[in-house]
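Here the structure is laid out as C-alpha cells; the discussion comes afterwards.
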Amino acid sequence: MLLPIIFLASGIFILITGAEALVRGAASGAAKLGVSSIVIGLTVVSFGTSAPELFVNILSALKGSTELAVANIVGSNMANILLILGIGAIIAPLSVKRGTTFREIPFALLAIGLVAILGNDLWLDGETSLANVLSRTDGIAFIAFFVIFLYYTYGLSKVSGEEDKVETYSWNTSFLLFIIGLIGLGLGGKLIVDNAIILAQLVGMSEALVGLTIIAVGTSLPELATTIVAVRKGHTDIAIGNAVGSNIFNVFWILGLTSLIKPLHFDIESNTDVLFTIFATFLLFLFLVVGKKHRLSRIHGAIFVVVYFCYIGFALLR
C-alpha cells in the first residue's frame, strides 16, 4: 500500500509544479503579445490555478471513474472555504471587499446549488429519468454560466481599474515553461487518478471518498499557497477572492467541461457532501455580514477548520 501513496503524493507535487510552470509561461507569452493584464488574470492565471482539478477530472472521466470526478470538485470547494480560508484567517484576520461578499460569494452559492439541482434527476424528474447524472446538457448550462461570470468579472475589473502584475520571460523560456507545465499536468494527473483508484481498492474506500479527501486537498494546495502568501503580504482580500473564485471555476468550468466530455454519474450519497458545501458557503457569507462586516476573524477561521475535520471524520465513518 506504501507504493500507491508515494506515487499519489508524487503526482500531486508534479501536478502543482506543472500548473505553476504553465501559468508563468502562458501569462508571460500573453503579456509579450500585448494582452491586457486584466484579461490575463481572468483567463490564464485563473485557468492555471484550476488546472490540477481540471486534469484530474478529465482523466477520471475518461477512465470511467465519474464519481471520483464529482467528489474532487465538491471536496475541493469544501476545502477551499473551510480548510484554506480557515487557515488563512487563523494566520491573520481576513478583510474582504464588499463586492466579494454580496456578488461573488452568492455566485459561488449558486454554482454548488446547481450541482445539487442538476444532479438529482430521479428526485426531481421521477419516472421520466433513468438515473442521476450530470449530462452533456447540464455541462452546456454550466459553461454558459461560466461565460456570464467571466464577462461580469471582466466588466468589474475594467471599472475598478484592477491590474495583475505579470512577470515576463524570453519567448524561448515562456514556451519551455508552457510545455513543461502541460507535461507536468498530464503526468501528475495520471499518477493521481491511477493510484487513487488502486488505493481505494486496497483499503476498501470508495473512489468518491478518496476524491472528497486526499485528492481534493491535494489539488487545492495551489489555493492554499496563494492564500498564505497573500495573507503574509497583507493582501487579505485576495485570499478570500481567490478561494471563492476557484469554487466558481471548479463548478462552472471544470465540472461543465468534464460532463461535456462524458456524462457524470451522480451518487445519491454525494448529496450529503454537496449540501454540506452549500452550508459552508452560506456560513462564509453569514460570517461576513454579521458582526464586523466583511471580515473573517481568527475565531471564524478556527471554527472553519474544526468543522472541516469533523466532517471529514464523519465522511470516513460513513
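Per-structure values
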{"read-out": "Selection count where residues are crowded, with 16+ Cβ neighbours inside 10 Å and within 16 Å of residue 80 (Cα to Cα), scope region 289-318", "value": "10"}
{"read-out": "Qualifying residue in region 261-271 (condition: of a type in the set (Asp, Glu) and more than 18 Å from the chain's Cα centre (by Cα))", "value": "yes"}
{"read-out": "Residue that is surrounded by the fewest Cβ atoms within 10 Å (Cβ to Cβ) [pool: residues in region 69-86 that are of a type outside the set (Gly, Ala, Ser) and farther than 18 Å from residue 101 by Cα]", "value": "83"}
{"read-out": "Boolean, residue 89 is surrounded by 24 or more Cβ atoms within 10 Å (Cβ to Cβ), under 14 Å from the mean Cα position of the chain (by Cα), in contact (Cβ under 8 Å) with a residue 40 or more places away in the chain and in a helix (DSSP H, G or I)", "value": "no"}
{"read-out": "Close pairs (6 angstrom Cβ cut-off, 6 or more residues apart or separate chains): at pLDDT below 85 in region 34-60, not in a helix (DSSP H, G or I) anywhere", "value": "37/163; 37/164; 37/166; 40/166; 41/164"}
{"read-out": "Residue match in region 241-250 (condition: farther than 30 Å from residue 132 by Cα and buried (at least 17 other Cβ atoms within 10 Å of the Cβ))", "value": "yes"}
{"read-out": "Region 227-240, subset crowded, with 21+ Cβ neighbours inside 10 Å and not hydrophobic (A, V, I, L, M, F, W, C), residue nearest to residue 94 (Cα to Cα)", "value": "236"}
{"read-out": "Pick from region 270-296, criterion of a type in the set (Val, Ile, Thr) and over 30 Å from residue 69 (Cα atoms), ranking: modelled with the lowest pLDDT", "value": "290"}
{"read-out": "Test: residue in region 245-267 that is over 30 Å from residue 121 (Cα atoms) and part of a helix (DSSP H, G or I)", "value": "no"}
{"read-out": "Helices (runs of 4 or more DSSP H) enclosed by region 147-229 - at least 3 residues per element that are over 30 Å from residue 313 (Cβ atoms), hydrophobic (A, V, I, L, M, F, W, C) and modelled with pLDDT of 85 or more", "value": "171-203"}
{"read-out": "Any hit, region 110-124, residues being at pLDDT below 80, farther than 27 Å from residue 312 by Cβ and surrounded by fewer than 16 Cβ atoms within 10 Å (Cβ to Cβ)", "value": "yes"}
{"read-out": "Any hit, region 93-105, residues being modelled with pLDDT under 80, of a type in the set (S, T, N, Q) and in a helix (DSSP H, G or I)", "value": "yes"}
{"read-out": "Qualifying residue in region 207-214 (condition: under 28 Å from residue 66 (Cα atoms) and more than 17 Å from the chain's Cα centre (by Cα))", "value": "yes"}
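The values are calculated or read from the model by the stated rules, or taken from the named source; none is laboratory data. Just so it is clear, the structure is predicted and the values come from calculations on it, not from any experiment. Please note: Cβ atoms are built from the backbone with ideal geometry, for glycine as well, and neighbour counts cover all protein chains shown.
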